[in-house]
């Protein structure tokens, strides 16, 4: 099925205990709405609707799914539902709060707390100049606090980038729009276009193996790089063929501390064993001594993504 745009639910549409106000974003995997609950509280609702598998026309409510795509759509729906269930167990100021998740209109919905603000990507676009080191450290220290909590629950984000880091009105960041279900769906349905963002996705995203905390850490490094360069670094698959990316240490020497630039380069190592193996290690590097760049003499840990796929498959089989 060719890529296509899905129509959003109409303004004022009632779903469960919520009333749709407007569409917030539209992607290839989902639509996000601003809505109000029965108590008048604003929420964000994410609707599972991959446009590779389902199409909702103008004025329609339930998606149209071709018979040959029904199995993949339902499997992805179970993955999305399981991811919502897992995220609902998280309670951290730097991670979006999942309030509810439910089935309706032959698909599933994830309800999240809504807060005024904008994405880090929007902030960078408005500024049109590199952020300061102080800003970078303040934002990403908090982002890493949230990511550390995510990893502690045996989850991965898998779609970290400036557009998925949300800055509240007071400037504090939170992680939004997790990509674990998208990655799981893409892994098990080869007909789908790979679901990752070039420039921010690690080499493991392309290979669909060895995914782990170090994969999110690559994306953190790419996001910090983009905040200075005002553009994403070259895609990891292109870097593997011929790495033309200028290291942060070479590109911005003298404008930022060596420690910060070395840490960014450490995160962006193509071999996952060269990168920080945990968020704790990265946090230590950002606040302590410069990171070592030699290859550690350890075996590759078992992929957390494999464990996640097993967990989601288990949910799908029940």
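See the values below:
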| read-out | value |
| --- | --- |
| Projected-area mean, the range 117-287, by convex hull of Cα positions, square nanometres | 9.6 nm² |
| Relative contact order of the range 14-113, defined on C-alpha pairs under 8 angstrom at six or more residues apart (%) | 23 percent |
| Relative packing of 95-101, 74-80, which averages over residues the other C-beta atoms within 10 Å, highest first | 74-80, 95-101 |
| Highest-first arrangement of 234-246, 252-264, where packing means the average Cβ count within 10 Å | 252-264, 234-246 |
| Cα centroid of the range 231-288 to Cα centroid of the range 100-115, whole Å | 36 Å |
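Bear in mind that the values in this text are calculations on the coordinates, not laboratory data. This is a predicted model, so every value here is computed, not measured. Here Cβ is always computed from backbone atoms with ideal geometry, including for glycine, and neighbour counts include all displayed protein chains.
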